[in-house]
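The values are calculated or read from the model by the stated rules, or taken from the named source; none is laboratory data. Note that the structure is predicted; figures quoted are calculated from it, not measured. No Cβ is skipped: glycine too gets one built from the backbone with ideal geometry, and neighbour counts run over all protein chains shown.
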Amino acid sequence: MNFTNENGFFQALVLMGSAIGAGLAMIAGIGPGIGEGYAVGKACEAIARQPEAQGDVTRTMFIGCAVAETTGIYGFVVALILLFGNPFIKYFL
Amino acid sequence: MGFAQSGDFGGVSGPGVLFYFDLPIVGRINITESVVIGFALVVAISIFVIWLTHGMKKIPTKRQIVAEWIVETVNKLVKDNMGPSHLVYAPYIATIFVFSITGSLVSLLGLRSMTADASVTIAWALICLVMITYTKLKYSGFGGYLKSFTEPIFVMTPMNIFSEIMTPISMGLRHFGNVAGGMVITALIYWALANLSAKLHLYFSMGEIRIGVFQIGIPAVLSVYFDLFSGFMQAFIFIMLTMANVGNCIPDDKK
């Protein structure tokens, strides 16, 4: 990559913006973290109250965790696209 | 352009195109790593299953007990989630489960995980969408299927259509994102440990191959979570969501 000409400057700018954007996209990881922690905590309470229902509670909890995780995964996919398959850099090649 | 080439971040890249051929109407068809690994897995699983079930007897051998246990576990899972009259879905569920697990665990053999390719998982999720639509059409008819989009009130129609489209996308991207995330993190850790070992001059050299001290043992511990646990968990979650999504379309009295 040549950063001395004008196009190279814009490339660097796009890469910088993409890296910052990828980092910002991963803020989406906070929500699922809180949500899953809450779900697992509630599942522990449920198992403590009714140990015989452990199998059902655990299964339901995992599905709930998977659904709660979705938004975080969307953020992660956006970060991956920005880092490894940047859609904007092609305008400055 | 030196952007995100393999090697930049410890060799993280998309599934490579191994070879391609040109067809007259549809254009170029790329045969990627995922396709080749997928077909290899189909052959391997088929051979394993045929070996598991050949020559079944009334007094079961060890092999047969394993085969029966697998079938009974899947049947029970489907019975619990979709009702006893929908056991016809059990073979499909078991297929996706085994395919997904082995597809994630091929990374232990040094290959690229098949499920770290969004095309694979979204294809499975689209099969799920076809099954959902089929079940809805079967139990409520074409008019009832169209009417289900206007519930609870008419203004919700765009939202219902959107959520119908998002079901396969979220299912596919969830599986892809988890496995690909594990792959990226594992690759970054390998890359970081190799660099750390090189900087501290703690490595063995065997000809051209250079093995850092920190590369021994530490990645294996992380691999237990990111490859074994995550691969198994995501396969389980994927089939559970398939069953839940299809099962929700079946009326309670038909289960």
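Which pairs turn up if I take residues in segment B:175-195 that are free of Cβ contacts under 8 Å to residues at least 60 places away in the same chain and within 14 Å of another protein chain (Cβ to nearest Cβ) and look for partners that are surrounded by fewer than 20 Cβ atoms within 10 Å (Cβ to Cβ) and of a type in the set (Val, Ile, Thr) with beta carbon separation below 8 Å, at least 6 apart in sequence or on another chain?
B:Gly177/A:Val77
Those residues that are crowded, with 16+ Cβ neighbours inside 10 Å and either at pLDDT 85 or above or closer than 27 Å to B:Thr242 by Cβ (or both), I need them from segment A:72-93; list them, please.
Correct list: A:Gly72, A:Ile73, A:Tyr74, A:Gly75, A:Phe76, A:Val77, A:Val78, A:Ala79, A:Leu80, A:Leu82.
What residue, of B:Pro219, B:Pro158, is assigned to a helix (DSSP H, G or I), away from chain A (no Cβ under 14 Å), out of contact with any Gly (no Cβ under 6 Å at 6 or more places or on another chain) and modelled with pLDDT of 85 or more?
Unique residue meeting the criteria: B:Pro158.
Within segment A:71-93, how many residues turn out to be in a helix (DSSP H, G or I), out of contact with any Leu (no Cβ under 8 Å at 6 or more places or on another chain) and at the interface with another protein chain (Cβ under 7 Å from one of its Cβ atoms)?
Of the residues in segment A:71-93, 4 are in a helix (DSSP H, G or I), out of contact with any Leu (no Cβ under 8 Å at 6 or more places or on another chain) and at the interface with another protein chain (Cβ under 7 Å from one of its Cβ atoms).
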